[in-house]
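Novice: What follows is a single structure, and I will ask about it in a moment.
The values are calculated or read from the model by the stated rules, or taken from the named source; none is laboratory data. In this text, all values refer to a predicted model and were calculated from it rather than measured experimentally. All Cβ positions, even for glycine, are placed from backbone atoms using ideal geometry, and neighbour counts span all protein chains on display.
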Amino acid sequence: MSFLEYAPAPESRSVVDIAPSYGLFIDGAFGPASSSGGVFKTVNPASEEVLAEVASAGAEDVDRAVAAARRAFGPWSALPGAERAKYLFRIARIIQERSRELAVLESLDNGKPIRESRDVDVPLVAAHFFYYAGWADKLKYAGHGSDPRPLGVAAQVIPWNFPLLMLAWKIAPALAAGNTVVLKPAETTPLSALFFADICQQADLPPGVVNIITGAGETGRTLVEHPGVDKVAFTGSTEVGRQIARSVAGTSKRLTLELGGKAANIVFDDAPIDQAVEGIVNGIFFNQGHVCCAGSRLLVQESAYDEVLTALKRRMATLRVGDPLDKNTDVGAINSAAQLARIRELSDVGAAEGAERWSPPCELPAQGFWFAPTIFTGVTQAHRIAREEIFGPVLSVLTFRTPDEAIEKANNTPYGLSAGIWTEKGSLILAMADKLRAGVVWANTFNKFDPTSPFGGYKESGYGREGGRHGLEAYLA
Amino acid sequence: MPKSPSPAKAAKAERSASPAESDRRGRLAVRKTYKLYIGGAFPRSESGRTYLVDGDNVALASRKDARDAVVAARKAQTKWAAATAYNRGQVLYRIAEMVEARRDEFLALGVAAGELDAAVDRWVWYAGWSDKIAQVHGSANPVAGPYFNISAPEPTGVVGVVAPASFLGLVSVIAPAIVTGNTVVVLTATPQVAVTLAEVLATSDVPGGVVNILTGHAAETAPWLASHDDVNALDLTGVADPELATELERSAAGSLKRVVRPPADTPDFTADPGLRPMTALLETKTVWHPKGF
């Protein structure tokens with residue numbers, strides 16, 4: 001047991017009303033899937049309770065959604081930017097008004113702690129719509145040409161780790177630029193996107209501008225390969241990203257990809273250790289480590305190794321793992337049985353390859369999908385746990401002596417999404433930041449996001465940026 | 001009907017009859033051997049192969065040459081990217097000076113005078129971009145919190161380029177790639193002009209390996225660049241065959257290279273290129289730092 005005892009402080013789930021079943025949101029209305037589709041269940045990963053039955057879009061449904069988006073594109077792109085802006089501002093406001101409902105829903109469907117969905121995900125979703133709303137009538141000042149034009153119909157496929165936030169990252173810039181969208185949320189987390197469809201209705205968004213189709217990988221593949229789409233935006237695994245890049249080859253579809261990562265979080269011996277430890281914990285245990293930019297490789301300067309590891313283990317022992325709706329919970333449920341199996345497999349490989357595994361004493365609930373916060377020490381660069389994305393609360397610890405060695409090890413990966421640097425020395429931060437091959441570098445902080453701040457990777461972490469002025473480029477010709 | 005000779009062939013025929021080829025005192029001219037340009041040196045193809053282009057034996061690049069060129073480009077990239085923007089700008093300006101100085105040689109190879117002028121001017125245009133692109137394409141981001149947050153462009157790394165046939169086209173794909181700190185491996189089907197440009201580069205303070213030029217058949221060598229894991233981006237501007245372009249793009253997906261697709265219409269290289277030739281080969285890096293006392 002932890003030395004700190006907390007009484008349960010559960011957030012009420014009465015604020016959210018989940019229907020027993022959901023259809024597809026096409027052309028402004030919900031309807032069942034065609035005979036080419038089907039249904040699937042979405043569960044609460046913390047309890048394995050079925051939350052709702054959701055339609056699975058088949059090829060005919062994808063056709064209908066793309067056709068609806070195509071019909072809507074003409075009028076939507078012809079609207080004055082200022083009018084499009086007002087729809088987006090309206091959506092941002094409704095998200096703010098319904099923020100508690102959305103936060104509870106997201107925690108139920110995803111398993112993330114309510115503290116994160118309430119304080120991070122949903123506020124960022126509203127902020128993202130608010131930010132891009134303001135661009136809709138200022139596109140010619142965005143630096144992408146004097147007469148920027150929308151691309152047309154955007155096919156967008158998003159992952160399960162930040163369901164509503166990834167939806168916002170995709171839909172807000174696309175709509176601001178004058179495109180219409182067909183978005184497919186992840187199979188294990190479809191609900192917040194379906195609630196967003198309801199928000200679109202509430203905002204009186206013209207039918208067909210946003211279409212939400214649910215389903216598994218096959219639905220996503222059908223959507224991105226559909227000849228009627230002009231743009232494909234995908235966030236997810238590098239392997240699926242590769243397949244998508246292959247499938248759009250030879251077409252005129254524009255493509256942006258936000259893929260995996262294996263970020264180095266580099267701690268120098270002069271770093272403020274307590275702050276660095278908070279950053280390490282936030283870097284890898286935030287959102288159960290289901291974060292593409294997670295600081296999953298800790299690089300500690302040898303001279304600070306003992307101090308950092310002692311403090312890190314002490315801090316990890318205070319992490320509370322459990323009910324996502326409990327406001328005291330730090331680490332929630334693993335999103336799915338499949339993801340849990342993947343984390344277990346790679347962790348077993350880590351131990352089998354000779355790294356030393358450690359977790360704090362931690363009681364896990366009997367129902368649901370859980371994995372205790374874990375670190376591996378004695379990890380070398382050749383270990384699979386130092387090379388492959390685990391996408392779970394598992395940290396690999398390596399050491400270095402000199403800044404050059406840290407750079408060498410940090411960049412020794414096909415990925416290049418993010419990196420962290422911890423030191424009190426400003427010149428060292430800037431020199432390191434210059435040499436790290438990563439799209440986002442957090443210095444003396446980690447896992448910070450903002451709609452004004454471009455996000456995206458180098459190398460096999462994908463291409464294109466989301467957020468900021470740069471994020472518009474993906475949706476403009 | 002007889003085929004009309006290419007401009008280069010016509011120019012060469014003219015040279016043969018002129019004093020340059022065989023001077024009036026009966027002296028035999030010294031001909032140039034057209035070799036590859038890799039890592040700042042002019043090697044023959046490792047394969048030992050040559051092919052005949054307008055009467056010249058030209059090195060025919062192989063898979064091994066392509067791989068050697070990637071190694072040379074990778075080796076040069078970090079240092080070239082770390083050079084100051086001011087320095088890279090001056091190097092590009094120096095290239096303009098050297099092309100101008102070799103004017104007659106390019107004209108003799110059949111490059112039209114207007115095209116040559118435009119090519120020189122294009123080097124000058126890009127030279128000026130070296131220390132401006134970060135200001136135009138970067139940003140200071142007003143995040144909602146006490147953080148310093150800035151985004152700046154960085155070169156994507158090693159770029160494989162299938163160059164268009166014209167001299168201005170060749171310059172228009174190399175200059176935007178290298179001005180920001182990328183290094184390139186260029187495949188060209190117009191060897192005499194490209195190798196003459198390589199000689200310009202070799203005498204323009206361009207570090208060896210920043211530009212590598214392989215003469216030969218793109219259909220043979222480009223697939224090796226497209227599938228090479230140490231190539232970060234692929235510029236297919238010069239690929240005329242849509243099937244080859246599709247195959248290369250598909251292969252490039254293996255390591256998620258950035259791909260510049262061939263233009264849909266015949267490109268007008270005399271037009272203002274805009275920023276896209278540069279930005280297509282740039283990454284954006286965003287750095288965060290807390291503010292506080």
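Novice: I'm checking my understanding of the structure. Among residues of segment A:139-171 that are within 20 Å of B:N141 (Cα to Cα), in contact (Cβ under 8 Å) with a residue 40 or more places away in the chain and within 14 Å of chain B (Cβ to nearest Cβ), which one is surrounded by the most Cβ atoms within 10 Å (Cβ to Cβ)?
Specialist: Only one residue fits best here, namely A:H144.
Novice: Say whether the condition of being touching a helix residue (DSSP H, G or I) at 6+ places or on another chain (Cβ under 6 Å) and under 12 Å from A:L395 (Cα atoms) is met by at least one residue in segment A:357-369.
Specialist: yes
Novice: Is it the case that some residue within segment B:265-276 is of a type in the set (S, T, N, Q), in a loop (DSSP other than H, G, I, E, B), more than 8 Å from chain A (Cβ to nearest Cβ) and touching a residue at least 12 places away in the same chain (Cβ under 8 Å)? Steps first, please.
Specialist: Going through segment B:265-276, the residues of a type in the set (S, T, N, Q) turn out to be B:266, B:270.
Checking the rest, the ones that are also in a loop (DSSP other than H, G, I, E, B) come to B:266, B:270.
Add one more test, that the residue is more than 8 Å from chain A (Cβ to nearest Cβ), and what stays is B:266, B:270.
Filter again for touching a residue at least 12 places away in the same chain (Cβ under 8 Å), leaving B:270.
The answer is yes; a qualifying residue exists.
Novice: When segment A:216-246 is examined, which residues are found to be small (G, A, S) and either farther than 18 Å from A:A474 by Cα or more than 11 Å from chain B (Cβ to nearest Cβ) (or both)?
Specialist: A:A216, A:G217, A:G220, A:G228, A:A233, A:G236, A:S237
Novice: Applying the selection to segment B:252-265, what residues are farther than 15 Å from B:A163 by Cα and in contact with a strand residue (DSSP E or B) (Cβ under 9 Å, 6 or more places away or on another chain)? Break it down into steps so the answer makes sense when it comes.
Specialist: Just the residues of segment B:252-265 that are farther than 15 Å from B:A163 by Cα, to begin with: B:252-258, B:264-265.
Within segment B:252-265, B:A252, B:A253, B:L256, B:K257, B:R258 qualify.
Novice: Right, next: Can you pull out every residue in segment B:180-204 that is in a loop (DSSP other than H, G, I, E, B) and within 12 Å of the chain's Cα centre (by Cα)?
Specialist: Matches in segment B:180-204: B:N182 only.
Novice: Okay, next question. Give me the residue from segment A:129-143 that is under 26 Å from the mean Cα position of the chain (by Cα) and outside any helix (DSSP H, G or I) and, out of that set, nearest to A:A78 (Cα to Cα).
Specialist: Top of the filtered list is A:A136.
Novice: Still on this structure, I have one more. For B:P207, which of the numbered conditions (1) assigned to a strand (DSSP E or B); (2) under 19 Å from the mean Cα position of the chain (by Cα); (3) over 20 Å from B:G169 (Cα atoms) fails to hold?
Specialist: The single condition B:P207 does not satisfy is (1).
Novice: How many of the residues making up segment B:108-150 are of a type in the set (D, E, K, R) and within 14 Å of chain A (Cβ to nearest Cβ)? So that I can check it myself, show each step before the final result.
Specialist: Residues of segment B:108-150 of a type in the set (D, E, K, R): B:115, B:117, B:121-122, B:131-132.
Right, trim to within 14 Å of chain A (Cβ to nearest Cβ) and you get B:132.
Residues flagged as of a type in the set (D, E, K, R) and within 14 Å of chain A (Cβ to nearest Cβ) within segment B:108-150 amount to 1.
Novice: Anything in segment A:418-462 that is of a type in the set (S, T, N, Q), surrounded by fewer than 24 Cβ atoms within 10 Å (Cβ to Cβ) and closer than 26 Å to A:V122 by Cβ? List them, or say none.
Specialist: A:T445, A:N447, A:T452 - these are the residues of segment A:418-462 that are of a type in the set (S, T, N, Q), surrounded by fewer than 24 Cβ atoms within 10 Å (Cβ to Cβ) and closer than 26 Å to A:V122 by Cβ.
Novice: Looking for whichever is over 21 Å from A:A197 (Cβ atoms) and of a type outside the set (S, T, Y) here; the options are A:E97, A:E116, A:E106, A:E101. Which one fits?
Specialist: Working: A:E97 fails: over 21 Å from A:A197 (Cβ atoms); A:E106 fails: over 21 Å from A:A197 (Cβ atoms); A:E101 fails: over 21 Å from A:A197 (Cβ atoms).
The unique qualifying residue is A:E116.
Novice: Next question, about the same structure. Report yes if some residue within segment A:29-46 is small (G, A, S) and closer than 20 Å to A:Q339 by Cβ; otherwise report no. Step through it out loud before you land on a result.
Specialist: Residues of segment A:29-46 that are small (G, A, S), as a first pass: A:29, A:31, A:33-38, A:46.
Going one step further and asking which of them are closer than 20 Å to A:Q339 by Cβ, we end up with A:46.
Yes.
Novice: Assuming A:E101 fulfils every condition listed in (1) more than 21 Å from A:V157 (Cα to Cα); (2) over 25 Å from the mean Cα position of the chain (by Cα) apart from one, which condition is it?
Specialist: (2)
Novice: Among the residues of segment B:48-65, write down those that are touching a helix residue (DSSP H, G or I) at 6+ places or on another chain (Cβ under 7 Å), among the small types (G, A, S) and at pLDDT 95 or above.
Specialist: B:A61
Novice: Select from segment B:133-179 the residues that are within 21 Å of the chain's Cα centre (by Cα) and assigned to a loop (DSSP other than H, G, I, E, B) and write down the one among them that is surrounded by the most Cβ atoms within 10 Å (Cβ to Cβ).
Specialist: Taking segment B:133-179 as the starting set, the residues that turn out to be within 21 Å of the chain's Cα centre (by Cα) are B:133, B:153-179.
Okay, now just the ones that are also assigned to a loop (DSSP other than H, G, I, E, B), so B:156-157, B:163-166, B:179.
On the way: B:T156: 25, B:G157: 24, B:A163: 28, B:P164: 25, B:A165: 13, B:S166: 18, B:V179: 26.
The extreme case among them is B:A163.
Novice: Would you mind listing the helices (runs of 4 or more DSSP H) fully within segment A:51-118 where at least 3 residues are among the acidic types (D, E), out of contact with any Gly (no Cβ under 7 Å at 6 or more places or on another chain) and within 29 Å of A:S12 (Cα to Cα)?
Specialist: Filter on segment A:51-118 gives A:99-110.
One line per residue, one yes/no per condition, for (1) touching a helix residue (DSSP H, G or I) at 6+ places or on another chain (Cβ under 8 Å); (2) of a type in the set (G, A, S); (3) not in a strand (DSSP E or B):
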residue: A:A382; (1), (2), (3): no, yes, yes
residue: A:L398; (1), (2), (3): yes, no, no
residue: A:Y415; (1), (2), (3): yes, no, yes
residue: A:I421; (1), (2), (3): yes, no, no
residue: A:L430; (1), (2), (3): no, no, yes
residue: A:T445; (1), (2), (3): yes, no, yes
residue: A:F449; (1), (2), (3): yes, no, yes
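Novice: Are any residues in segment B:267-293 within 19 Å of the chain's Cα centre (by Cα) and over 27 Å from A:C293 (Cα atoms), and if so, which ones?
Specialist: B:P267, B:D268, B:F269, B:T270, B:A271, B:D272, B:P273, B:G274, B:L275, B:R276, B:P277
Novice: Let me ask something else. Select from segment A:287-298 the residues that are on the phi < 0 side of the Ramachandran plot and touching a Gly at 6+ places or on another chain (Cβ under 9 Å) and write down the one among them that is nearest to the other protein chains (Cβ to nearest Cβ).
Specialist: A:C293
Novice: Could you please let me know if A:S461 is without any contact (Cβ under 8 Å) to a residue 60 or more places away in the chain and either more than 23 Å from A:L309 (Cα to Cα) or at the interface with another protein chain (Cβ under 8 Å from one of its Cβ atoms) (or both)? Break it down into steps so the answer makes sense when it comes.
Specialist: Numbers: without any contact (Cβ under 8 Å) to a residue 60 or more places away in the chain: no; either more than 23 Å from A:L309 (Cα to Cα) or at the interface with another protein chain (Cβ under 8 Å from one of its Cβ atoms) (or both): yes.
It is false that A:S461 is without any contact (Cβ under 8 Å) to a residue 60 or more places away in the chain and either more than 23 Å from A:L309 (Cα to Cα) or at the interface with another protein chain (Cβ under 8 Å from one of its Cβ atoms) (or both).
Novice: For A:N110, all conditions in the list (1) more than 14 Å from chain B (Cβ to nearest Cβ); (2) touching a helix residue (DSSP H, G or I) at 6+ places or on another chain (Cβ under 8 Å); (3) surrounded by fewer than 24 Cβ atoms within 10 Å (Cβ to Cβ); (4) more than 24 Å from A:A72 (Cα to Cα) hold save one; what is the number of the exception?
Specialist: (3)
Novice: Within segment B:238-264, how many residues turn out to be surrounded by 15 or more Cβ atoms within 10 Å (Cβ to Cβ), within 11 Å of another protein chain (Cβ to nearest Cβ), of a type in the set (A, V, I, L, M, F, W, C) and farther than 25 Å from A:E466 by Cα? Break it down stepwise before answering.
Specialist: The initial filter retains those residues of segment B:238-264 that are surrounded by 15 or more Cβ atoms within 10 Å (Cβ to Cβ), namely B:238-239, B:244-262.
The next check asks that each one be within 11 Å of another protein chain (Cβ to nearest Cβ); those that pass are B:244-259, B:261-262.
Then drop every residue that is not of a type in the set (A, V, I, L, M, F, W, C), which leaves B:244-245, B:248, B:252-253, B:256, B:259.
Imposing the further condition that a residue be farther than 25 Å from A:E466 by Cα reduces the set to B:244-245, B:248.
Qualifying residue count for the region: 3.
Novice: Look at segment A:254-270 and say how many of its residues are within 11 Å of chain B (Cβ to nearest Cβ) and surrounded by fewer than 22 Cβ atoms within 10 Å (Cβ to Cβ).
Specialist: 1
Novice: Under 28 Å from A:K435 (Cα atoms) and touching a residue at least 40 places away in the same chain (Cβ under 8 Å): does that describe B:K35?
Specialist: No: the conditions fail for B:K35.
Novice: Across segment A:427-458, which residue is farthest from the other protein chains (Cβ to nearest Cβ) among those that are under 20 Å from B:T156 (Cα atoms) and small (G, A, S)?
Specialist: A:A431
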